[in-house]
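K.L.:
Sending over a structure as structure tokens; questions will come in a sec.
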Amino acid sequence: MNVHSGLPTPLSDPVRLSIVSGDYQYFHYGCDGFNDRGWGCGYRTIQTISSWLRFNRVDTLRPPPSISEIQRALVSMEDKPDCFCGSREWVGTVEASLVLEHFYNVPSRLIHVRGGGSDLETVAVEDLHRHFQKHGSPVMMGGDRDNSSKGVLGVCSGKEGSFLLVLDPHYWGPQLGVQELQLEGWVKWRDVSTLDRTSFYNLCLPQSGPNKTL
């Protein structure tokens with residue numbers, strides 16, 4: 001729960017700091033006993049966002065959908081063919097937006113960025129600040145060359161540039177404590193300049209603020 005808690009900010013004197021508000025669960029490879037290693041990162045990020053909706057919305061108590069439920073939902077919406085069910089096919093930000101609306105009636109905003117570094121700084125950082133200040137939910141991020149799904153839990157900006165608080169769903173292994181996850185880098189601040197400049201990125205920003213008493 002809230003595995004970023006206690007993590008120091010990357011800048012000693014940030015100009016702006018905007019982070020997730022409310023509780024969420026960290027979903028990663030194999031966390032429910034289902035082996036999705038190598039292909040399930042997008043599903044796990046969707047589940048993390050879904051857990052935030054469950055904990056922070058008064059209008060739903062629905063637990064995060066399983067991988068099989070996500071696949072069946074996408075088939076039922078005719079976004080995927082029948083053979084998608086039971087497959088190891090990846091999902092990205094577009095599928096995430098469909099799934100969140102299907103299960104939680106929450107629309108999402110999609111942002112396309114041509115590359116990491118300055119492109120990401122110019123196009124997405126301000127939108128992420130506004131998102132966390134208004135809606136407070138985790139964000140899903142993915143790309144083409146950098147095709148590993150990521151959760152984004154916050155953004156920190158200053159004179160030195162901007163950093164994203166990245167939650168990595170690729171951990172595989174026994175359950176770790178918050179400090180261990182932070183020390184091993186499964187949740188960490190990442191300078192936007194280190195993101196692949198040759199990869200485009202898409203971001204899925206759920207448009208639903210918390211409405212439970214936090």
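K.L.:
Given the residues LEU128, LEU165, which is the only one that is at pLDDT 95 or above and not in a helix (DSSP H, G or I)? Steps first, answer last, please.
P.N.:
Numbers: LEU128 fails: not in a helix (DSSP H, G or I).
Residue meeting the stated conditions: LEU165.
K.L.:
Right, another one. Exactly one condition in (1) touching a Lys or Arg at 6+ places or on another chain (Cβ under 6 Å); (2) touching a residue at least 60 places away in the same chain (Cβ under 8 Å) is false for LEU74; which is it?
P.N.:
Unmet for LEU74, out of (1) touching a Lys or Arg at 6+ places or on another chain (Cβ under 6 Å); (2) touching a residue at least 60 places away in the same chain (Cβ under 8 Å): (2).
K.L.:
For region 1-55: of the residues being free of Cβ contacts under 8 Å to residues at least 24 places away in the same chain and in a helix (DSSP H, G or I), which is nearest to the chain's Cα centre (by Cα)?
P.N.:
Filtering region 1-55 for residues that are free of Cβ contacts under 8 Å to residues at least 24 places away in the same chain and in a helix (DSSP H, G or I), the one nearest to the chain's Cα centre (by Cα) comes out as GLN47.
K.L.:
When you go through ARG197, ARG145 one by one, which is the residue that is in contact with a helix residue (DSSP H, G or I) (Cβ under 9 Å, 6 or more places away or on another chain), at pLDDT below 95, basic (Lys, Arg) and farther than 28 Å from PRO65 by Cβ? Working first, answer last.
P.N.:
Values: ARG145 fails: in contact with a helix residue (DSSP H, G or I) (Cβ under 9 Å, 6 or more places away or on another chain).
Just a single option satisfies the conditions, and that option is ARG197.
K.L.:
Quick check, is ASP59 of a type in the set (D, E, K, R), within 13 Å of GLY136 (Cα to Cα) and part of a loop (DSSP other than H, G, I, E, B)? Talk me through it step by step, then tell me what you get.
P.N.:
Details: of a type in the set (D, E, K, R): yes; within 13 Å of GLY136 (Cα to Cα): no; part of a loop (DSSP other than H, G, I, E, B): yes.
Spelling it out, it is not the case that ASP59 is of a type in the set (D, E, K, R), within 13 Å of GLY136 (Cα to Cα) and part of a loop (DSSP other than H, G, I, E, B).
K.L.:
Going by the structure shown, is ARG62 surrounded by fewer than 16 Cβ atoms within 10 Å (Cβ to Cβ) and at pLDDT 95 or above?
P.N.:
Values: surrounded by fewer than 16 Cβ atoms within 10 Å (Cβ to Cβ): yes; at pLDDT 95 or above: no.
Against the criterion (surrounded by fewer than 16 Cβ atoms within 10 Å (Cβ to Cβ) and at pLDDT 95 or above), ARG62 does not qualify.
K.L.:
Taking the residues in region 168-209 that are assigned to a loop (DSSP other than H, G, I, E, B) and of a type in the set (Asp, Glu) as candidates, determine which candidate is nearest to the chain's Cα centre (by Cα).
P.N.:
Residue satisfying both the conditions and the ranking: ASP168.
K.L.:
Quickly run through region 146-165 and pick out the residues that are surrounded by fewer than 20 Cβ atoms within 10 Å (Cβ to Cβ) and within 18 Å of the chain's Cα centre (by Cα). Full working, then the answer.
P.N.:
First, the residues of region 146-165 that are surrounded by fewer than 20 Cβ atoms within 10 Å (Cβ to Cβ): 146-148, 158-161.
Selection gives ASP146, ASN147, SER148.
K.L.:
Right, next: Scan region 89-125 for residues that are open to solvent by less than 20 Å² (accessible area, probe 1.4 Å) and part of a strand (DSSP E or B) and jot them down.
P.N.:
Selection gives ILE111, VAL113.
The values are calculated or read from the model by the stated rules, or taken from the named source; none is laboratory data. Worth saying up front: this structure is predicted, and the values here are computed from it rather than measured. Because the Cβ atoms are built from the backbone with ideal geometry, glycine has one as well, and the counts that use them run over all protein chains shown. Heads up: the accessible areas ignore ligands, DNA and RNA and are worked out on the full protein's heavy atoms, side chains in. Shrake-Rupley method; radii C 1.70, N 1.55, O 1.52, S 1.80 Å.
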